[in-house]
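Data block below; observations after.
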Amino acid sequence: MSLHENKSCQRCKKQFECKTGNITQCQCYGIELTLDQRAYIEQRYNDCLCKDCLKYLQVELNLFKEKYFFK
């Protein structure tokens, strides 16, 4: 049984299809987050985000880290 669900991104409200029943076909597949990035996102959101928001937060967190931790 494949589990596909229409969702709204908690960050931008964009509609997307979450494919938890076939993760390799899900829109978020292939986005690799560090443990710090995952923790940051999990603290702020309790459901799926669209791939655009995941990519944005990934870059944003890297820039934040570079700016404040590598001086």
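The values are calculated or read from the model by the stated rules, or taken from the named source; none is laboratory data. Because the structure is a prediction, the values reported are computed rather than measured. Positions of Cβ are backbone-derived with ideal geometry, glycine not excepted, and every protein chain shown enters the neighbour counts. Areas reflect the complete protein model, heavy atoms only, side chains present, ligands, DNA and RNA absent. Shrake-Rupley method; radii C 1.70, N 1.55, O 1.52, S 1.80 Å.
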By how many degrees, 0 to 90 and rounded to 10, does the Cα axis of helix 35-44 deviate from the longest principal axis of the chain?
70
Considering only 48, 64, 20, whose Cα is most displaced toward the positive end of the charge dipole of the chain, charges sitting on Cβ of Lys, Arg (+1) and Asp, Glu (-1)?
64
Determine the calculated [θ] at 222 nm for the chain from helices alone, applying -39500 (n - 2.57) to every DSSP H run no shorter than 4 residues and normalising by the residue count; nearest 500 deg cm²/dmol.
-13500 deg cm²/dmol
Report, to the nearest whole %, how much of the accessible area of the chain belongs to carbon and sulfur atoms, 1.4 Å probe, protein only.
51
Highest first, please rank the peptides 28-35, 7-14 by the mean number of other Cβ atoms sitting within 10 Å of their residues.
7-14, 28-35
